[in-house]
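Derivation of every value follows stated rules applied to the coordinates shown; laboratory data play no part. Everything numeric in this text was worked out from a predicted model, so none of it was measured. Ideal geometry is used to build each Cβ from the backbone, glycine not excepted, and the neighbour counts take in all protein chains shown.
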Amino acid sequence: MKKYMKLFVIITVLMMGMAVMVKAQANNPRVVGILDPAFYLNQYPDLRDAFGSNEPSARKHWLDFGIAECRQSSQKFNIDFYLNSHPDLVKAFGTSCVKAMEHWLAFGKKEKRQTAGIKFTISNNTRFPLEIYRLVDRNETLISTVPSGESLITYQPGEGCTYISACTFSLQVKVIGNIVTNFYPKPDYTQSLQIISDSFEAGPIFNGEDAKTKCANKSSDVQGGWTGAWSTTVYGKMSVCEIAFLKISQ
């Protein structure tokens, strides 16, 4: 009987200790307002497979491993975005999300720095440079240019993005001043855009002015942007326009 009583006491103490630990995790400043356990589990299949819907396990994983692995902890907080969208933090901390988290707790929160958004990789697989704009309420801001054959990684704030619709801002890609695409992002964190080009038949084109009209019309048909290049394939009968367009992969 004493043996069973002793075992009962040990189990009770262990359970009380676990309860204290879980409460401490829930009140940890790294968790409060930063970690959404349900989001965290649903965001990563490996965690969902390991922990199911166990939120205390999600909290523990975030504190023990998730921060160091730069994992997104909620819709409004992504430590990877926080680090990489602020050049001064990249310069100071390199790739360390642990140090970035310490910065957020000590300074970033007070400075009201952006902590979530969308990471885009935009690859230019055309012969021409691309211009990338961010559009909000028809107001465009040039983000960067992407030379032929190169890629751009850009971190864009995610205001106006929800999990049931596209974001309210868009990214606009132009080639030679012509719009290739006006792309409304989905609310996923990481997205990849590839801009490619191809030749499309547009009927006979007789001169540059004629090309402006016919290539613009063909660009509209294929939902792309005319690169300004055209050539005749059958004299008096057929010409082609080189058109850049968007290929999305995730």
Handout entry: Inter-probe distance in nm under a simple model that places probes 7 Å from Cα toward Cβ, at residue 247 and residue 192
Key = 1.1
Practice task
For each pair in 76/110; 91/112; 91/186; 119/212; 174/212, compute the distance between the two Cα atoms and list the pairs where it is over 27 Å.
Solution key: 91/186; 119/212
Completion exercise
Convex hull around the C-alpha positions of the range 117-249: the volume in Å³ per residue is 102
Completion exercise
residue 223 and residue 182 label points (each 7 Å along its Cα→Cβ direction) are spaced in nm at 1.4
Exercise for the section: Give the distance, in whole Å, between the Cα centre of the range 138-190 and the Cα centre of the range 55-97. Expected result: 23
Problem - Per-bin percent of Cα-Cα distances, the range 173-250 [5 Å] - result: 3, 17, 25, 20, 13, 9, 6, 4, 2, 1
Fill in the blank from the handout: Given 10 °C, 1.306 mPa s and a Kirkwood radius over Cα pairs, the Stokes-Einstein diffusion coefficient of the range 59-113 in µm²/s is 142
Exercise for the section: Would you mind calculating the gained length between residue 64 and residue 121 on full extension (0.36 nm times residue separation, minus the Cα-Cα distance), in nm to one decimal? Expected result: 17.6 nm
Completion exercise
Between residue 140 and residue 54, the two model label points (7 Å from Cα along the beta-carbon direction) sit apart by a distance in nm of 5.3
Exercise for the section: Find the eigenvalues of the gyration tensor of the Cα atoms of the range 51-202, then list the square roots of 5 times those eigenvalues as equivalent ellipsoid semi-axes, largest first, in whole angstrom. Expected result: 33, 17, 15
Fill in the blank from the handout: Note on the range 20-108: the mean projected area of its alpha-carbon convex hull, in nm², is 5.5
